[in-house]
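The structure appears right after this line, and notes come after that.
The values are calculated or read from the model by the stated rules, or taken from the named source; none is laboratory data. None of the values given here were measured: they were computed from a predicted structure. Neighbour counts are summed over all protein chains in view; Cβ atoms, including those assigned to glycine, are modelled from backbone coordinates with ideal geometry. Ligands, DNA and RNA are stripped out before the accessible areas are found, and what is left, the full protein with its side chains, is counted by its heavy atoms. Shrake-Rupley method; radii C 1.70, N 1.55, O 1.52, S 1.80 Å.
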Amino acid sequence: MSAAIRAKQLAAQQEKEIRVCVVEKAAEVGGHILSGAVLDPVSINELIPDWKDQGAPLNTPVTHDTFSFLTTTGRYNIPIFPGWPMDNRGGFVVRLGHVVKWLGEQAEALGVEIYPGTAASEVLFHEDGSVKGIATSDVGIAKDGSPKDTFARGMELHAKTTIFAEGCRGHLSKQIMSNFNLNANNAPQTYGIGLKEIWEIQPEKHQPGLVEHSIGWPLDNAGFLNVPRIKGSHYAMKSGMLAAESAMESIFGEAQATAGFEPVSYPDKIKNSFIWKDLKSVRNVRPSFHNPLGMYGGLIGSGFSIFMGGREPWTLKHGPPDHECLKPATQFKQIVYPKPDGKISFDLLSSVALTGTNHEGDQPAHLTLKDDRVPVDHNLALM
């Protein structure tokens, strides 16, 4: 949304016409953005300076941060000094879905065309190998692949420049990474299990503006400190704005060498922005935990990195890829979970029902395996 808004803003400044389209797979804009977050307003201040007057849903400023070391018996508070990455003062506690919905409204007011309920399924390429656009999914297909009465063919959307803004592991982004070998010399992707919960608590326990960080129990020595600048919504917005600026330079600039317009200035724009500076300063925080001393060694290493502000002359690695760290289930004690009590814990089906997820009974699975034999022939045999 930030890229779309910025593109329209630049076109208006240059008194030029440009058609900007956004394809959104959710039924409504923001419908798939479930996270609560701390939003640093630095990017929205630049994109829409009068956001407050425009009704942006930034209503709860951060008033206090805590950082706690948790054990089975209690918690121990660790001070957060002003200016440290975990100091969120100046930010806002938001629901990102509401922010994205509001950005969608601002984009449409500028003339951006938004197509919700439309999933992009593949990347299209020109004959010279440059990106041509995207194709949307066919709909109305039965589980066996046959067309139903509601079948409708997907569309091809051709563009001078296509901006992929679907996250770090989006399926189109992975196509682009593979096609152009963008992961060459990069560290392997690392993964973590994230849980999103909504709790209803007594009003007297609610502290608007409080942000809590913690480490330790229940992960014990395997615990990880959240990367201090993981609250990256402002980075996402700024990177989108820079992508739009670079795209507009290529579209309205000199003739291109390829059929698709390449935003060649984008990498340099990122490196010269606060995104690069901020992330470089905390680059060693999470890799610090890949050490023989476990969590305590990680705390020392990450604390030193934060103290140095990223000035240390080395860059640590994450270690081997995640799949090389897996061990057979037989080497671990099985976890016996208590049955849901309907008060603090709830059964899976009830929780899924609350999400509003709705699928046709005979629709194709949207997650598929490259080789269906691997789980049985390989994984099951190792268990």
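On the accessible surface of the stretch 1-149, probed at 1.4 Å, how many percent belong to carbon and sulfur atoms?
51 percent
Using the Cα centre of the chain as the reference point, and only Cβ charges (+1 on K/R, -1 on D/E), how large is the resulting charge dipole? Debye, rounded to the nearest 20.
Dipole size: approximately 1120 debye.
Cut-off under 25 Å on the C-alpha distance; same-chain residues fewer than 8 positions from LYS8 excluded. Which lysines are left, in chain and number order?
In chain and number order, the partners are LYS16, LYS25, LYS52, LYS101, LYS132, LYS160, LYS238, LYS269, LYS271.
For a quick check, take a GNM of the chain with Cα springs below 10 Å and name the residue from LEU47, LEU279, LEU349 with the largest mean-square fluctuation.
Per the Cα network of the chain with a 10 Å cutoff, LEU349 tops the list.
Over the chain, what relative contact order in percent results from Cα pairs under 8 Å that are six or more residues apart?
19 percent
State in Å² the accessible area per residue of the chain; use a 1.4 Å probe, count heavy atoms of protein chains only, and round to the nearest integer.
Accessible area per residue, the chain: 68 Å².
Using a Cα-Cα cut-off of under 21 Å, which lysines could be cross-linked to LYS205, ignoring same-chain neighbours fewer than 8 residues away?
Reachable lysines: LYS196, LYS343.
What is the antiparallel percent of DSSP beta bridges lying wholly in the chain, to the nearest 5?
65 percent
Using heavy-atom solvent-accessible surface (probe 1.4 Å) with all chains present, what is the largest-first order of ASP53, ASP128?
ASP53, ASP128
For a quick check of your reading of the filter: which GluC sites (Glu not before Pro) in the stretch 70-150 sit in a DSSP loop and have no more than 10 other Cβ atoms within 10 Å?
Here the GluC sites (Glu not before Pro) that fit, given the DSSP loop and packing criteria, are GLU127.
Per DSSP H run of at least 4 residues, take -39500 (n - 2.57); add these up for the chain, divide by its residues and hand me the 222 nm value, nearest 500 deg cm²/dmol.
-7500 deg cm²/dmol, from helical runs alone.
Using only the alpha-carbon atoms of the stretch 61-125 as identical scatterers, what base-10 log of I(q)/I(0) does the Debye formula give at q = 0.23, 0.28 Å⁻¹?
-1.05, -1.17
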